[in-house]
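Have a look at the structure below, then the notes.
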Amino acid sequence: MAEQKTSQQPEQDLSQQTRVRREKLAALQAEGHDPFQITRFAWDHTSAQIKENFDALEGQPVKVAGRLMSKRGMGKVSFCDLQDRDGRIQLYARQDEMDEAVYKAFKKYDIGDIVGVEGEVFRTQRGEMSVRARNIILLSKALLPLPEKFHGLQDRELRYRQRYVDLIVNPEVKQNFIIRSKFIKHVRDFLDGRGYMEVETPVLNTISGGATARPFITHHNTLDIDMYMRIATELPLKRLIVGGLDRVYEIGRIFRNEGMDPKHNPEFTSVELYQAYADFNDMMDLFEELLSSAAQKILGTYQVEWQGEKIDLTPGWPRMTMAEAVKQYVGIDFMAITDDEAAWAAAKAAGVVLPEGKEATWGNALYESFDQKVEEKLVQPTFITMHPVDVSPLAKRSPKDPRLTERFELFICRSEMGNAFSELNDPIDQKQRFQKEVEARAKGDSEAGMMDDDYINALEYGLPPTGGLGIGIDRCVMLLTNSDTIREVILFPTMKTLDPKKAENKAEKAAVNGSAEDATVSAPSVQIDLSKVKIEPLFADDVDFETFSKSDFRVVKIEACEAVPKSKKLLKFTLNDGTDRKRTILSGIHEYYEPEELVGKTCVAITNLPPRKMMGIDSEGMLISAVYECDGREGLNLLMLDDSIPAGAKLY
């Protein structure tokens with residue numbers, strides 16, 4: 001594949017190196033020196049410990065272990081860089097200072113091999129803190145060479161697929177996950193210190209609930225029932241509040257069968273916490289203290305950079321209602337509007353679009369105005385409170401205005417970081433809201449919730465006034481590490497398969513039946529039954545050449561692609577069209593492609609069409625696709641070209 005050609009050495013070269021390494025291993029095994037039979041090495045210092053305590057350790061014996069990252073030889077003297085868990089340290093090996101057989105064996109070791117070293121700490125003539133090797137033991141033979149270059153946009157997919165190599169050659173990647181581990185520990189320490197109890201709730205459920213999301217479905221063979229992987233931990237945790245566990249939290253994996261983009265992965269980590277006799281104001285105070293203290297403790301500062309913005313996490317974050325935010329940024333005063341029709345008239349006048357399947361209510365008008373026009377303007381930490389009841393099925397209504405709920409979301413750098421409620425504890429109201437979700441699901445909304453009779457039963461025993469908060473661990477780590485995609489902070493992000501047979505089967509399904517679930521690879525190379533294909537009749541009317549020549553067809557490179565919020569069809573493309581500015585085009589092909597598989601592709605677009613508003617976003621042109629009908633269903637293939645064609649090339 002293209003990514004492999006650009007990231008690795010030529011195939012012949014690679015196979016030659018692999019063959020040589022295997023021959024070296026065979027020779028070692030024949031001599032009775034099989035490295036894979038060695039079970040342990042008792043090292044006593046790391047590279048960082050030696051450097052931090054150099055004055056005390058100079059001249060002292062040490063044992064270190066790690067991977068050889070470079071070798072520089074001058075006959076009877078060799079210098080190497082050894083990489084261990086803490087970093088790198090130089091090895092100095094001299095033939096007349098160690099056993100001659102050991103030195104000769106060491107000279108045959110390759111970059112990437114894992115070794116154990118016994119020697120003394122010293123400083124070279126150039127001042128480099130080093131270990132003077134007396135004995136070097138091969139602990140594991142690397143049969144594949146490390147890539148010489150393993151960075152850049154074209155290598156991103158390979159980095160995520162082969163995270164083990166990524167961690168070896170890119171030290172900054174390891175630092176991201178060290179920060180992630182520290183943040184999770186901070187969350188635990190923070191909550192434990194405030195009397196919260198960590199619990200575990202089921203990953204498999206017979207009902208999908210606690211959030212608005214499409215679930216993954218699996219099957220339990222013994223019980224012969226379909227089960228849902230959890231989309232939230234909310235409802236089980238609130239059952240525990242009913243049971244008298246007044247402060248509970250869970251850090252766990254969540255699974256949502258949705259699109260992938262820089263902010264979303266189908267499985268991600270959240271912490272949800274619930275506190276009896278508290279409300280959403282208490283949750284705001286707690287969230288602000290938790291996240292700001294994490295930055296101070298882990299990074300040593302409240303000032304961070306993320307997505308090109310300087311973010312100030314100093315406590316004292318502004319709080320504003322959703323209606324106040326919309327009034328400030330859009331100019332619509334929804335609190336002065338009382339009926340649905342007037343609310344939507346005002347929203348549409350501001351360019352707000354009602355998503356498919358949503359009712360034209362006052363609450364949806366307020367929420368969509370915020371979502372489409374305000375969220376993108378929130379850079380510094382800001383709490384947005386008092387969400388409409390229409391989009392908050394589990395939050396308590398405001399006593400002051402029953403159209404609103406006691407709910408907040410925290411936004412930083414245009415990203416939602418967490419979500420909290422004063423929890424709804426009225427079982428009658430809750431059942432009515434569940435029923436609305438059931439009705440929406442019956443109309444085709446696959447993200448709508450289900451009726452959870454057992455949860456209603458729990459509420460009827462009495463849920464005390466409760467504050468609840470859900471925080472996206474991955475988003476917080478993105479903030480603390482200045483990462484531009486969630487894949488940089490998840491060790492093994494979800495990736496499409498590279499198995500040719502599986503890819504072919506999925507592409508064939510996508511081409512024939514137009515299934516979004518199956519459209520994880522493009523289908524240009526798949527053979528379909530042409531006898532079942534119907535194409536649109538050719539146009540009868542001619543177009544004169546002068547008119548045709550005014551259409552500017554250009555080669556474009558897809559630099560970013562993401563699903564458009566609130567739309568099941570639209571993908572938003574950021575394109576390099578050969579000019580200094582990035583071009584945005586929206587295309588309704590999400591049914592056939594997932595965003596992540598299109599990044600880096602070379603396509604064709606018409607670039608001189610007038611901008612067209614789609615979901616409130618200007619679409620600056622049109623990507624070219626091939627559309628046809630197969631066996632009664634529409635098939636679509638985005639036109640993709642050879643990656644060697646430069647962006648901006650004109651098509652004739």
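Dividing the convex hull volume of the alpha carbon atoms of the chain by its residue count gives 230 Å³ per residue.
Using the alpha carbons alone, the radius of gyration of segment 302-404 stands to its Kirkwood radius in an Rg to Rh ratio of 1.01.
Quickly rank 190-200, 284-294, 232-242, 539-549 as a protection proxy: mean count of other C-beta atoms within 10 Å, highest first.
So the peptides 190-200, 284-294, 232-242, 539-549, ranked by packing, come out 232-242, 284-294, 190-200, 539-549.
Over the residues of the chain, the helix contribution to mean residue ellipticity at 222 nm works out to -9000 deg cm²/dmol, using -39500 (n - 2.57) for each DSSP H run of at least 4. Among 97-104, 360-367, sorting by the average number of other beta carbon atoms lying within 10 angstrom of each residue, highest first, gives 360-367, 97-104. Candidate cross-link partners of LYS496 among the lysines, defined by an alpha-carbon separation under 20 Å and a same-chain spacing of 8 or more, comprise LYS5, LYS263, LYS506, LYS509, LYS568, LYS569, LYS572, LYS601. Ligands, DNA and RNA left out, the accessible area of segment 588-639 computed with a 1.4 Å probe is 51% carbon and sulfur.
Probing with 1.4 Å while keeping every protein chain in the model, the per residue accessible area of the chain equals 50 Å². Look at where the Cα atoms of segment 200-248 and of segment 323-391 average out, and the two centres are 31 Å apart. Around the Cα centre of segment 200-318, unit charges on the Cβ atoms of Lys, Arg, Asp and Glu (plus for the first two, minus for the last two) sum to a dipole of about 240 debye. By the rule of a C-alpha distance below 15 Å, with chain neighbours fewer than 8 residues away ignored, the aspartates and glutamates paired with LYS377 are GLU309, GLU324, GLU368, GLU409, GLU416. Measuring against 23 Å, Cα to Cα, the residue pairs LYS443/LYS532; LYS582/LYS613; LYS310/LYS348; LYS141/LYS182; LYS297/LYS373 contain LYS443/LYS532; LYS310/LYS348; LYS141/LYS182; LYS297/LYS373 as the ones spanning a longer distance. Computed in the context of the full set of protein chains, the accessible area of segment 140-240 at 1.4 Å probe radius has 55% of its extent on carbon or sulfur. Rounded to the nearest Hz, the phi-derived 3J(HN,Hα) couplings of segment 424-429 under the Karplus curve 6.51 cos²θ - 1.76 cosθ + 1.60 (θ = phi - 60°) are 5, 10, 8, x, 5, 4, where x marks glycine and proline.
With q set to 0.23, 0.25 Å⁻¹, the log10 of I(q)/I(0) for segment 158-208, from the Debye formula over equal scatterers at the Cα positions, is -0.82, -0.87.
Under the definition of Cα pairs under 8 Å and six or more residues apart, what whole-number percent is the relative contact order of segment 337-431?
Computed over segment 337-431, the figure is 22 percent.
The values are calculated or read from the model by the stated rules, or taken from the named source; none is laboratory data. Everything numeric here is computed off the predicted structure, so don't read it as measured data. Every residue, glycine among them, receives a Cβ derived from its backbone with ideal geometry; neighbour counts consider all protein chains shown. Accessible surface areas use protein heavy atoms only, side chains included; no ligands, DNA or RNA. Shrake-Rupley method; radii C 1.70, N 1.55, O 1.52, S 1.80 Å.
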